[in-house]
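Everything on this sheet refers to the single structure shown next.
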């Protein structure tokens, strides 16, 4: 198995990317191809004692910045690390690709370069997070901000498949994010999506409100990319604010600091449960290839786990299962709805 990695993707590239790649290459039985300016990558790789021989560097002379316009930068910077990475996948030189760089550029390049799976109309980004009842998925979180109801249905089908083959859930529960639990709530778009999901053979349990995202036992939560991205960013902000407020209160006096030390094991366990780096990255579902997108602040651990997830995606042939699931569903639709 060969995994392609954007060596220049992320806020702390290429240093943490190389560190994560080295860890993955040592721990997992696979080859890793790092893409980016060869001199810079070789320099970082040389910092590691006896780097694994199953690491290869492919040169790319350009880099797409985190703040650049996705479509424009993908078209103009043909030799960027993201474009070269996607081309490697397109040519079959790597089995999966990962980048913690510009998310929009990665979605654009992968969609244009790899195209979409048979039957899929729009790709979607699915994040995996830890709730009170275990791991769950939310899709879409930014790939498609103006979807059609059928796109949400396809996200549900793809997440159902991913949950079965990667998260090992036999019959994933699926809910639609809405302003109320009643099926009459929400916009016409959401109501139509609810009807499609209800008519499917998926384990759809209805609408879910935002306050139940983390406390309900739901495996997959479906929404449009605009709402999903807002949920993602708000969740990150709340987690950071909570940590800051907790530290502030604990440091107010010596008694609180002492109490904080006693609770330190519990705090560490909680941090591990909520640590995004445990899950590596978010799959871009629907493209005709394996594409994992990482957080811009990904550390070496997140990079390593993203490479692991990419490998699992390929080994379990998730895309083939997605195509089959969508094909079976489409065959059940009346001709006018296909």
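Rule-based calculations on the coordinates, nothing more; no lab input. None of these values were measured; they are calculated from a predicted model. Glycine also receives a Cβ, built like all others from the backbone with ideal geometry; neighbour counts cover every protein chain displayed.
Of all DSSP beta bridges located in the range 124-277, what percent are antiparallel, nearest 5?
Working: 6 of 16 bridges.
Of the beta bridges lying entirely in the range 124-277, close to 40 percent run antiparallel.
With a 10 Å radius around each residue's Cβ, average the other Cβ atoms per peptide and rank 86-93, 11-18, highest first.
Values: 86-93: 17.6, 11-18: 21.0.
Going by the mean number of other Cβ atoms within 10 Å, highest first, we get 11-18, 86-93.
Take the alpha-carbon centre of the range 137-216, take the same for the range 46-118, and report the distance between them in whole Å.
30
Report relative contact order for the chain in percent, whole number only (criteria: Cα-Cα under 8 Å, sequence separation at least 6). Mind showing how you got there, number by number?
Numbers: 655 pairs, mean separation 77.0, N = 338.
Relative CO of the chain lands at 23 percent.
Where is the GNM fluctuation largest for the chain (alpha-carbon springs, 10 angstrom cutoff): 262, 85, 41?
262
With an 8 Å Cα cut-off and a minimum separation of 6 or more residues, compute the relative contact order for the range 124-277 in percent.
Details: 223 pairs, mean separation 46.7, N = 154.
Once normalised by length, the contact order is 30 percent.
Just subtract the alpha-carbon distance of residue 29 and residue 201 from 0.36 nm times their residue separation and send over the number in nm, one decimal.
Values: separation 172, 0.36 × 172 = 61.92 nm, distance 3.77 nm.
Gain on extension, residue 29 to residue 201, equals 58.2 nm.
First measure r as the distance between the Cβ atoms of residue 330 and residue 249, then evaluate 1/(1 + (r/R0)^6) with R0 = 45 Å and state the FRET efficiency to the nearest 0.05. Walk me through the numbers on the way to the answer.
Numbers: r = 55 Å, r/R0 = 1.21.
So, using R0 = 45 Å, E works out to roughly 0.25.
If you build a Gaussian network model of the chain, linking Cα atoms that sit under 10 Å apart, which residue out of 224, 39, 95 swings the most?
Ranking 224, 39, 95 by mean-square fluctuation puts 39 first.
At q = 0.14, 0.16 Å⁻¹, what is the base-10 log of I(q)/I(0) for the range 124-277 according to the Debye formula with one equal point scatterer per Cα and no solvent? Please give it to two decimals.
Listed by q, the Debye log ratios stand at -0.71, -0.86.
Rounded to the nearest 500 deg cm²/dmol, what is the calculated helix-only ellipticity per residue at 222 nm for the chain, with -39500 (n - 2.57) per DSSP H run of length n ≥ 4?
On the way: 12 runs with 156 residues, N = 338.
Taken over the chain, the calculation gives -14500 deg cm²/dmol.
Please give the length that would be gained between residue 46 and residue 12 if that part of the chain were fully extended, namely 0.36 nm times their separation in residues minus their C-alpha to C-alpha distance (nm, one decimal).
Values: separation 34, 0.36 × 34 = 12.24 nm, distance 1.72 nm.
Taking 0.36 nm per residue and subtracting the Cα distance, the gain is 10.5 nm.
Residue 312 label point, 7 Å along Cα→Cβ, cut-off 15 Å on backbone N: hits in the range 90-130?
Answer for the range 90-130: 126-130.
Given a cut-off of under 8 Å on Cα pairs at least six residues apart, what relative contact order in percent is computed for the range 41-105?
So the answer I get is 33 percent.
Please sort 203-212, 170-179 by packing, taking for each peptide the average over its residues of neighbouring beta carbons within 10 angstrom, highest first.
Ranked by mean Cβ neighbours within 10 Å, highest first: 170-179, 203-212.
Compute the normalised compactness of the range 1-92: alpha-carbon radius of gyration over 2.2 N^0.38 Å, N being the residue count. Numbers along the way, then the final one.
Numbers: Rg = 13.0 Å, N = 92, 2.2 N^0.38 = 12.3 Å.
Here the answer is 1.06, to two decimals.
Given axes a ≥ b ≥ c from the Cα gyration tensor, I'd like to know whether the range 127-171 is rounded (a/c under 1.5), prolate (a/b larger than b/c) or oblate.
Values: a/c = 2.76, a/b = 1.58, b/c = 1.75.
Oblate is the answer for the range 127-171, as a/c is 1.5 or above yet b/c matches or exceeds a/b.
What spacing in nm lies between the two simple spin-label points modelled at residue 242 and residue 171, each 7 Å away from Cα in the Cβ direction?
3.1
Whole number please: convex hull volume per residue of the Cα set in the range 90-152, in Å³?
Numbers: hull volume 8.5 nm³, N = 63.
Looking at the range 90-152, the number lands at 135 Å³ per residue.
Considering the values (1) 61, 49, 39; (2) 53, 52, 47; (3) 62, 59, 36, which represents Cα extents along the principal axes in Å as calculated for the structure under consideration?
(3)
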